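Have a look at the structure below, then the notes.
The values are calculated or read from the model by the stated rules, or taken from the named source; none is laboratory data. Fair warning: this is a prediction, and the values are worked out from it, not measured in the lab. No Cβ is skipped: glycine too gets one built from the backbone with ideal geometry, and neighbour counts run over all protein chains shown. What goes into the accessible areas is simple: the full protein's heavy atoms, side chains included, and nothing from ligands, DNA or RNA. Shrake-Rupley method; radii C 1.70, N 1.55, O 1.52, S 1.80 Å.
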Amino acid sequence: MEFLFWILLIIIFYSYLGYGLALYTWYSFQNKNNNHPEEDPIDWESLPEITLFIAAYNEYEYLEEKILNSLDLDYPQEKLTILFVTDGSDDGSYEYLRKDERVHVIHEPERKGKINAMNRGMQSVRTPYVVFTDCNTYLGRNSLLTIAHLFEDKEVGCVSGEKRIFGKKTDTASGSGEGIYWQYESAVKHWEASLHTTIGAAGELFAIRTELFEEVEPDTILDDFIISMRIAMKGYKIAYHPNAYAIEAASLNVKEEMKRKVRIASGSIQSILRLKALLNPFEYPLLSWQYVSHKVLRWTLTPVSIALLIPLNAYLMLSGPENKLYWTLGLAQAFFYLLAAVGWFLQGKQTKTKLIFVPYYFCFMNYAQLVGIFRYLKGKQSVNWEKAGRSKPLQTH
């Protein structure tokens, strides 16, 4: 029992903190003596043509702001193609976009899911690079310039943008937890890129070399992750830079965030099965270690370990009252879950003390992972997104 307890504790610590600490140690060592010279001036004439690809299902309320944001990016407009794919939309999106000469739009009435729209839309892309972004996210002004610069490295096949949550001075559990989580995730991605390659990309903003795109299975749930990791499996790097970022409003509440997290959890199991070759460290030594450390453990063993650690700790406490170490760890666990309960009680309240929601969001996130695993195994997860409500549309001007 003691052996199992420590194995579970190590898995939890390593997947959330140990891996990050290892990456940070490497990053600090690598950059200790770097002087970070200034980048060369931009050669506007040599910038490549880029397609900004937006799969938008019933996103009418965001279209005007998305177009304005896209045109306001610091990139030559004559080298930028803005492409919307509105398959299945019945809210007037297609009718609105086809009247706008600044954008291109592809549409068919039947809704078949985002990945089908991406597979179909990619047949129309003629530029060497394509940047995928969501309609309800807004890009940082220098995002495309940063992406183009990263692609100057021939070993880079994909660029993962940074996801940022619209920050407010006071926020609820969903906004606070999601924002803090993505701050840490962004740091891990930055450290990963300095070592070898970032693991995966988020659909809010990622870019690929068009020639590397391969049609993805029509029932794929995490299209962004599958596309980016298959490019990495070909020997290319997934680059990352915080100057290429997308801003998104937080989920409206925990209920809406749960829908999103459970879907991602279902997609994570599907992704592991479809990328099973990546679990072979002999074929992908460094990439496999990064993939298992950053994603596979969090998606599989870690949530199970968290659930099992509580009764195991209780058993070890009761079986030997003299074992002060297990009592200390048990009380620490109890205090952590007490904080989580406080976060649950205050989940709908606005507060400046956002760290109070971290224990709650951690528990919520791992619970959603377990729910998502069972949903996928039961075959109940649809490929079509059930849109999560967002706290507010963002304004770009």
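If only the Cβ of Lys and Arg carry +1 and only the Cβ of Asp and Glu carry -1, the dipole of the range 98-207 around its Cα centre is close to 400 debye. In the frame of its principal axes, the range 94-155 has Cα extents of 40, 23, 21 Å, reported largest first. Each Lys or Arg adds one and each Asp or Glu takes one away; over the other residues whose Cβ falls under 13 Å from the Cβ of Ile272, this sums to +4. Taking the 0 to 90 degree range and rounding to the nearest ten, how far is the long axis of helix 324-345 tilted relative to the main principal axis of the chain, both from C-alpha atoms? Approximately 40 degrees, to the nearest 10. Rounded to the nearest 10 degrees, the angle from helix 2-13 to the longest Cα principal axis of the chain is 30 degrees. Apolar share of the accessible surface for the chain: 59 percent from carbon plus sulfur atoms, 1.4 Å probe.
Looking only at Ile106, Ile199, Ile238, which one moves most when the chain is put into a Gaussian network model with springs between Cα atoms under 10 Å? Taking springs between Cα atoms under 10 Å, the residue moving most is Ile106. Share of pairwise Cα-Cα distances greater than 15 Å in the range 53-103 is 42 percent (whole percent).
Counting only protein heavy atoms and using a 1.4 Å probe, the accessible area of Thr210 comes to about 30 Å². Each Lys and Arg Cβ is given +1 and each Asp and Glu Cβ -1; about its Cα centre, the chain then shows a dipole of about 1560 debye. Given a 1.4 Å probe and the protein chains as shown, His104 ends up with an accessible area of around 110 Å². Amide H contacts for Tyr245 (H built 1.01 Å from N in the peptide plane; partners 5 or more residues away or on another chain; cut-off under 5 Å): Gly140, Ser143, Glu162.
Altogether, the Stokes-Einstein calculation at 10 °C and 1.306 mPa s, with the Kirkwood radius of the range 235-361 over Cα pairs as Rh, returns a diffusion coefficient of 86 µm²/s.
Amide hydrogen proximity for Phe132: with H placed 1.01 Å from N in the peptide plane, the residues at 5 or more positions away or on another chain lying under 5 Å are Phe53, Phe206, Ala207, Ile208. Rg and Dmax, both from the Cα atoms of the range 148-300 and both in Å, are 15.5, 48.
Any chance you could check the Cα centroid distance between the range 178-205 and the range 290-359 for me, in angstrom? If we compute the Cα centre of each part, the gap is 24 Å. For the chain, the solvent-accessible area works out to 49 Å² per residue, with a probe of 1.4 Å and every protein chain left in place.
These residues, Lys114, Lys349, Lys380, go from largest to smallest accessible area, 1.4 Å probe, as Lys380, Lys349, Lys114. By how many degrees, between 0 and 90 and to the nearest 10, does the Cα long axis of helix 173-195 differ from the longest principal axis of the chain? On a 0 to 90 degree scale, this one is about 80.
Using heavy atoms of the protein chains and a probe of 1.4 Å, the accessible area assigned to Arg274 is about 70 Å².
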